[in-house]
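Asker: Sharing a structure, written as structure tokens. Questions coming.
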Amino acid sequence: DWSSDVCSSDLDDERHNTNLDISSNLQGVQIDSDTLLAKTAEQTAALHLNFQFEKHNQLPIKVQYGNQLDAALLFDRQQNRLHSAHVVIGGNTASISPQAGTKVEIKQPSFKLSEAVSTFSSSDNRWPALREFLLDTRQLVWQGQDFGAIQCHFHHFNQAWQGNIDSNMAKGRIRIPDQRNGSDPIKLEMASLNLSAMDRLNFDAANDVITVMPLLEID
């Protein structure tokens, strides 16, 4: 079942805004996915789309999918591509960002890291570059292994990923430069670092072959 509503409002003589709302319970639509977004054709899931047409080149779009997904997109109509995206899976409400790039927030009881890495590696360049990442889960799963709870928040700026991590394996601040084969080291300012826990990590399926070890600076 689909429903739509178009609302126009004259704010002043120089501006005319139009909102387009589209809602559906998606009954009859099957979504094949390994994530929490999957559903059968018999199941219902509330989908709400909102388009804000204004007198400039940027088109704000809000997407809500049940309680699982909340997204705020800013589409550049002149360049015909996304300018920014804020995607929230569980937890907070997404907001439109004037800053270019993609921000991803994930708050889930369990999070499969290997599947997420595969999703990001196969994404196309129509999405803005990832600039911020937040993860809060009680069960981090990598290659079938459970590494327990983890909280992390990373930003990308100054040609590096920088942020904080709190887990059984590591707790502290990390800086990872984009170019890891030069003189700029990976910096770990740790309150604690459990090297023995890393023995469970399986890198056999990694796509990249490491020929030169990056510099490490650990405190």
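Asker: When the label point is put 7 Å from the Cα of S196 along its Cα-to-beta-carbon vector, which residues of the range 132-148 have a backbone N closer than 20 Å?
Answerer: Those under the cut-off are 145-148.
Asker: Also: At a 1.4 Å probe radius, which order do K39, K187, K103, K171 fall into by accessible area, largest first?
Answerer: From most accessible down to least: K171, K187, K103, K39.
The values are calculated or read from the model by the stated rules, or taken from the named source; none is laboratory data. Nothing here was measured: the structure is a model prediction, and the numbers come from that model. Using ideal geometry, Cβ is built from the backbone for each residue, glycine included, and neighbour counts are taken over all protein chains shown. Ligands, DNA and RNA are stripped out before the accessible areas are found, and what is left, the full protein with its side chains, is counted by its heavy atoms. Shrake-Rupley method; radii C 1.70, N 1.55, O 1.52, S 1.80 Å.
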